[in-house]
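*Asks:* Handing you a structure now.
The values are calculated or read from the model by the stated rules, or taken from the named source; none is laboratory data. A quick note: this is a predicted structure, and the numbers were derived from the prediction, not measured. Ideal geometry is used to build each Cβ from the backbone, glycine not excepted, and the neighbour counts take in all protein chains shown.
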Amino acid sequence: MQAVTLSLADARHPLYERLSELGIPGNKTEQYKNFAIKPLLAKEYAFKEAKQVEPKEGSRVVIENGVVVESPKNVKISFEEDFKADEEHYDALYFMSHVLSKSVIRLEIDADAVVEIEHRISEKERLFAYRLCVTTPPNGRVEIMETFDIKESQNALLLYGVDAEVARDATLRWVRHENAEIDNAVVIGSHRYNVAKQGAIELKTFDFGSGLALHLYKIDLDNYAWTDAQHLLLATKEARRGNVVHINHNQPYAKSVHEARAILKDKATGIFDGKIMVGHEAKYSNAKQNSKAILLGEHAHMYAKPQLEIYTDELEASHGSTIGQLEEETLFYLRSRGVALDDAKKMLVLAFANTLIETLGEGEAFDKIHADFEAAYYV
Amino acid sequence: MHAKIGDKEILKGLDLELQKGKIHVIMGTNGAGKSTLSKAIVGHYDVEVTQGEIIYKGKNLLEMEPEERALEGVFLSFQNPVEIPGVNNAYFLRNALNAKEKHHGQKETNAAEFLKLMRKHIEQLGMKPDMISRALNDGFSGGEKKRNEILQMEILQPEVIILDEIDSGLDIDALKSVSEGINRMKNGERTFLVITHYSRILDYIHPDYVHILQDGKIVKTGGPELVKILEAEGYQAVQKDL
């Protein structure tokens, strides 16, 4: 990666210190060891800081090559240079993306708003680094649909992330939909969601296609806060994609339901590294985690690492993980009624995926994600 | 025909001819090879036919994939139908029907027509209306699964119907409605192969031929009277005759 010059003052900043403590991720870094991060970071990228302009009014937030070019009426955009990042984050690239972003793009969203955020990368062989910050109003509900248009970004690296603050009694529904249409673009997202008392984060990620992508999450739950985190991955060709998720129950009565499903075709590799930590203070917590993967390709791989780390006795918790192929008996049953083998496979894969897609409820997002899933399946 | 499952030979020179439009019953002790025979006919991956052929409409079924056999009109009602969460019962069955229609160059039944057809058969079988929206066999009771097999049979209208222990685990009401479904399918053209341990279903569907299968071979063939002999004297009566 191209050298970035630091002043002495910068180097003393807590984010630099933390980055230096964690070190640049390599092949032995736990959360990156199945992602082949080393060659990505060793590569030369052109890099320049994004210069923000006054965005024009539009129907959604559009961030093009790191610059906010469009924004709807119900979102107030500002740029914050002294953003207080989470110094406890476990991921070095969380700090690196903060360090490389001159300012954080702050999105102030009206209560009960539904907002679409589109990341658009149209330049090749460049490094794009920026951060978003979203705060929900107390008692409000905000829905975000995040999409990516990176088909013109060959050999580019998007290093970005979200810092979201979910206020007391508020709900944030975050749907991240990545439909990777090219093989050589890379997205690394390092996020932090902080959920205040009785707040909720519904995180639903839908990641389809080839190429490289890894999202790393840290979700902190306060008293009675809860999260319902779901990930659906359909990886094709030589894709290497997945999610690393740390959910921390920090206070009593926190609740988390964490479910990951992956379908891996061809020579694709899927990654699910999930950890729910229930702290000493987090009595009466409820934590459920499950990961399921179907290997469709003979050379497909799934790295699944579901973990519970528990420091209290008074809780309900469970976790599980399965990796396998489509069941022969089930396929046979469908075939015995005249359904062709390929159609039977598709029927079973869709059923597996629909369990998560259907949680979106009927609407535009459901239709789009459902259609993209089918299109990616047939690539 | 000879067939094995794994290394074990189960069918050891079985010879059987099914008459068009007739009801054939196969009875036999546990492990005689009844289910292996039904699996061999529909092309189940467990069964390897090592010798012989199964001729249907002039073609050897053993050279066809399971779905091709189904499209040509062969239907097996499974002893233990699998549960498939996430696959909607109506969606699956319409796909199967449309595949068959396409195979025979017929106009495909559209969604509205299909729902009407499914509702009619559900009502006839005394099934709950939510069978349309539920996932295929998922969480179904034993009786519901068996009725669902009959529902599929009635909608797909096959020509050779194999019923593998369709009567097992059914209470008297379920047995009656399943039998009525089977009787509705009788048209003098369709052939039935009924595999059963018990004679009670034969009070409702009257067989033309009864075959006794023992140690992988048909050892005796007769009419319905054979069932009465078996009931009175058990399989030992057949042994004595051999």
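*Asks:* Can you name every residue in the range A:239-262 that is touching a Gly at 6+ places or on another chain (Cβ under 8 Å), among the aliphatic types (A, V, I, L, M) and buried (at least 24 other Cβ atoms within 10 Å of the Cβ)?
*Replies:* Correct list: A:239, A:245, A:247, A:260, A:262.
*Asks:* Further question: Part of a strand (DSSP E or B) and in contact with a helix residue (DSSP H, G or I) (Cβ under 7 Å, 6 or more places away or on another chain), is that true of residue A:144?
*Replies:* Considered against the rule, which asks whether it is part of a strand (DSSP E or B) and in contact with a helix residue (DSSP H, G or I) (Cβ under 7 Å, 6 or more places away or on another chain), residue A:144 comes out as no.
*Asks:* A follow-up question, please. Return the residues of the range A:297-315 that are surrounded by fewer than 13 Cβ atoms within 10 Å (Cβ to Cβ) and either within 14 Å of chain B (Cβ to nearest Cβ) or farther than 25 Å from residue A:284 by Cα (or both); say none if nothing qualifies.
*Replies:* Matches in the range A:297-315: A:298, A:299.
*Asks:* With respect to residue B:11, determine if the residue is out of contact with any Leu (no Cβ under 7 Å at 6 or more places or on another chain), part of a strand (DSSP E or B), of a type in the set (A, V, I, L, M) and crowded, with 22+ Cβ neighbours inside 10 Å.
*Replies:* Answer is no for this residue.
*Asks:* Continuing with the same structure: Which pairs do you get when a residue that is closer than 25 Å to residue B:71 by Cα, found in the range B:157-182, comes within reach of a residue that is assigned to a loop (DSSP other than H, G, I, E, B) and hydroxyl-bearing (Ser, Thr, Tyr), reach meaning Cβ atoms under 6 angstrom, with the pair 6+ apart or on two chains?
*Replies:* So the pair list comes out as B:179/B:204.
*Asks:* Does residue A:318 meet the test of being of a type in the set (S, T, N, Q), more than 14 Å from chain B (Cβ to nearest Cβ) and farther than 17 Å from residue A:295 by Cβ?
*Replies:* Here the answer is yes, as residue A:318 does meet what is asked.
*Asks:* A further question on this structure: Could you say which residue among B:12, B:4, B:8 is touching an Asp or Glu at 6+ places or on another chain (Cβ under 6 Å) and modelled with pLDDT of 95 or more?
*Replies:* Details: B:12 fails: touching an Asp or Glu at 6+ places or on another chain (Cβ under 6 Å); B:8 fails: touching an Asp or Glu at 6+ places or on another chain (Cβ under 6 Å).
The unique qualifying residue is B:4.
*Asks:* Another question about this same structure. Taking residue A:280 as the residue in question, decide whether it is surrounded by fewer than 24 Cβ atoms within 10 Å (Cβ to Cβ) and more than 16 Å from residue A:353 (Cβ to Cβ).
*Replies:* yes
*Asks:* When you go through (1) at pLDDT 95 or above; (2) in a strand (DSSP E or B) one by one for residue A:267, which number turns out not to apply?
*Replies:* Of the numbered conditions (1) at pLDDT 95 or above; (2) in a strand (DSSP E or B), the odd one out for residue A:267 is (2).
*Asks:* For the range B:44-98, which positions are among the small types (Gly, Ala, Ser), more than 9 Å from every other protein chain (Cβ to nearest Cβ) and under 24 Å from residue B:178 (Cα atoms)?
*Replies:* The initial filter retains those residues of the range B:44-98 that are among the small types (Gly, Ala, Ser), namely B:52, B:58, B:70, B:73, B:77, B:86, B:90, B:96.
Then keep just the ones that are more than 9 Å from every other protein chain (Cβ to nearest Cβ); that gives B:52, B:58, B:73, B:77, B:90.
Within the range B:44-98, B:73, B:77, B:90 meet the criteria.
*Asks:* Give, as residue ranges, the strands (runs of 3 or more DSSP E) completely inside the range A:168-238 that count at least 1 residues that are under 21 Å from residue A:353 (Cα atoms).
*Replies:* Filter on the range A:168-238 gives A:171-180, A:200-209, A:212-221, A:226-235.
*Asks:* Which of the residues spanning the range B:133-168 are part of a strand (DSSP E or B) and within 11 Å of chain A (Cβ to nearest Cβ)?
*Replies:* Correct list: B:135, B:136, B:162.
*Asks:* Would a scan of the range B:37-46 turn up a residue that is under 15 Å from the mean Cα position of the chain (by Cα) and part of a loop (DSSP other than H, G, I, E, B)?
*Replies:* Within the range B:37-46 (the criterion being under 15 Å from the mean Cα position of the chain (by Cα) and part of a loop (DSSP other than H, G, I, E, B)), the answer is yes, since at least one residue qualifies.
*Asks:* Of everything in the range A:79-105, what is surrounded by 18 or more Cβ atoms within 10 Å (Cβ to Cβ) and in a strand (DSSP E or B)? Give them in sequence order.
*Replies:* Scanning the range A:79-105 gives A:104, A:105.
*Asks:* From A:160, A:130, grab the single residue that is in contact with a Lys or Arg (Cβ under 8 Å, 6 or more places away or on another chain) and among the aromatic types (Phe, Trp, Tyr).
*Replies:* Going through A:160, A:130 in turn, just one is in contact with a Lys or Arg (Cβ under 8 Å, 6 or more places away or on another chain) and among the aromatic types (Phe, Trp, Tyr): A:160.
*Asks:* Something else: Within the range A:252-263, identify whether any single residue is over 20 Å from residue A:177 (Cβ atoms), assigned to a strand (DSSP E or B), modelled with pLDDT of 95 or more and among the hydroxyl-bearing types (Ser, Thr, Tyr), and answer yes or no.
*Replies:* Scanning the range A:252-263, I find at least one residue that is over 20 Å from residue A:177 (Cβ atoms), assigned to a strand (DSSP E or B), modelled with pLDDT of 95 or more and among the hydroxyl-bearing types (Ser, Thr, Tyr), so the answer is yes.
*Asks:* Please specify each residue of the range B:15-48 satisfying the condition of being farther than 23 Å from residue B:188 by Cα, loosely packed, with under 12 Cβ neighbours inside 10 Å and modelled with pLDDT of 95 or more.
*Replies:* Of the range B:15-48, the ones farther than 23 Å from residue B:188 by Cα are B:15, B:28-37, B:39-40, B:43-48.
Then keep just the ones that are loosely packed, with under 12 Cβ neighbours inside 10 Å; that gives B:15, B:30.
Scanning the range B:15-48 gives a single hit, B:15.
*Asks:* Would you pick out the residues in the range B:173-196 that are surrounded by fewer than 14 Cβ atoms within 10 Å (Cβ to Cβ) and out of contact with any Gly (no Cβ under 7 Å at 6 or more places or on another chain)?
*Replies:* Correct list: B:173, B:183, B:187.
*Asks:* Now for a different question. Scan the range A:121-139 for residues that are part of a loop (DSSP other than H, G, I, E, B), over 18 Å from the mean Cα position of the chain (by Cα) and crowded, with 18+ Cβ neighbours inside 10 Å and report the count. Write out each step before concluding.
*Replies:* We begin by selecting, within the range A:121-139, every residue part of a loop (DSSP other than H, G, I, E, B); these are A:121-125, A:136-139.
Among the residues that remain, those that are also over 18 Å from the mean Cα position of the chain (by Cα) are: A:122-125, A:136-139.
Next cut, crowded, with 18+ Cβ neighbours inside 10 Å only: A:136.
Of the residues in the range A:121-139, 1 are part of a loop (DSSP other than H, G, I, E, B), over 18 Å from the mean Cα position of the chain (by Cα) and crowded, with 18+ Cβ neighbours inside 10 Å.
*Asks:* OK, next. Test residue B:68 against the criterion of being part of a strand (DSSP E or B) and not basic (Lys, Arg), and give yes or no.
*Replies:* So residue B:68 fails the test.
*Asks:* State whether one or more residues within the range B:49-58 are free of Cβ contacts under 8 Å to residues at least 24 places away in the same chain, outside any loop (DSSP other than H, G, I, E, B), surrounded by fewer than 21 Cβ atoms within 10 Å (Cβ to Cβ) and of a type in the set (A, V, I, L, M). Spell out how you get there, then give the answer.
*Replies:* To start, the set of residues in the range B:49-58 that are free of Cβ contacts under 8 Å to residues at least 24 places away in the same chain comprises B:55, B:57-58.
Now restrict to residues that are outside any loop (DSSP other than H, G, I, E, B): B:55.
So of that shortlist, the ones also surrounded by fewer than 21 Cβ atoms within 10 Å (Cβ to Cβ) come out as B:55.
Then drop every residue that is not of a type in the set (A, V, I, L, M), which leaves B:55.
The answer is yes, given that some residue of the range B:49-58 is free of Cβ contacts under 8 Å to residues at least 24 places away in the same chain, outside any loop (DSSP other than H, G, I, E, B), surrounded by fewer than 21 Cβ atoms within 10 Å (Cβ to Cβ) and of a type in the set (A, V, I, L, M).
*Asks:* Looking at the range B:147-169, which of the residues that are surrounded by fewer than 20 Cβ atoms within 10 Å (Cβ to Cβ) and modelled with pLDDT under 90 is nearest to the chain's Cα centre (by Cα)?
*Replies:* Taking the candidates together, the pick is B:168.
*Asks:* What are the pairs with Cβ atoms under 9 angstrom where one residue, in the range A:351-364, is away from every other protein chain (no Cβ under 13 Å) and the other, located anywhere, is surrounded by 18 or more Cβ atoms within 10 Å (Cβ to Cβ)? Sequence gap at least six, or different chains.
*Replies:* What qualifies is A:360/A:175; A:360/A:204; A:360/A:206; A:360/A:369; A:364/A:145.
*Asks:* Sort through B:86, B:73 and tell me the only one that's within 24 Å of residue B:146 (Cβ to Cβ) and at pLDDT below 95.
*Replies:* Working: B:73 fails: at pLDDT below 95.
Result: B:86 is the single residue among B:86, B:73 that is within 24 Å of residue B:146 (Cβ to Cβ) and at pLDDT below 95.
*Asks:* Restricting the search to the range A:43-67, which residues are under 30 Å from residue A:270 (Cβ atoms) and either modelled with pLDDT under 90 or part of a loop (DSSP other than H, G, I, E, B) (or both)?
*Replies:* A:43, A:44, A:45, A:47, A:60, A:65, A:66, listed by residue number.
*Asks:* Pull up the range A:329-351, narrow it to residues that are out of contact with any helix residue (DSSP H, G or I) (no Cβ under 9 Å at 6 or more places or on another chain) and modelled with pLDDT under 95, then point me to the one that is farthest from residue A:148 (Cα to Cα). Let's see the steps before the verdict.
*Replies:* Pass one, the range A:329-351, residues out of contact with any helix residue (DSSP H, G or I) (no Cβ under 9 Å at 6 or more places or on another chain): A:329, A:342, A:351.
With the extra rule that they be modelled with pLDDT under 95, the set shrinks to A:342, A:351.
Working: A:342: 30, A:351: 25 Å.
Across the range A:329-351, the extreme among qualifying residues is A:342.
*Asks:* Between residues in the range A:323-350 that are at the interface with another protein chain (Cβ under 7 Å from one of its Cβ atoms) and residues that are of a type in the set (Val, Ile, Thr) and not in a helix (DSSP H, G or I), which pairs lie under 6 Å by C-beta distance while being six or more apart or on different chains?
*Replies:* A:329/B:82; A:330/B:82; A:330/B:84; A:333/B:82; A:347/B:87
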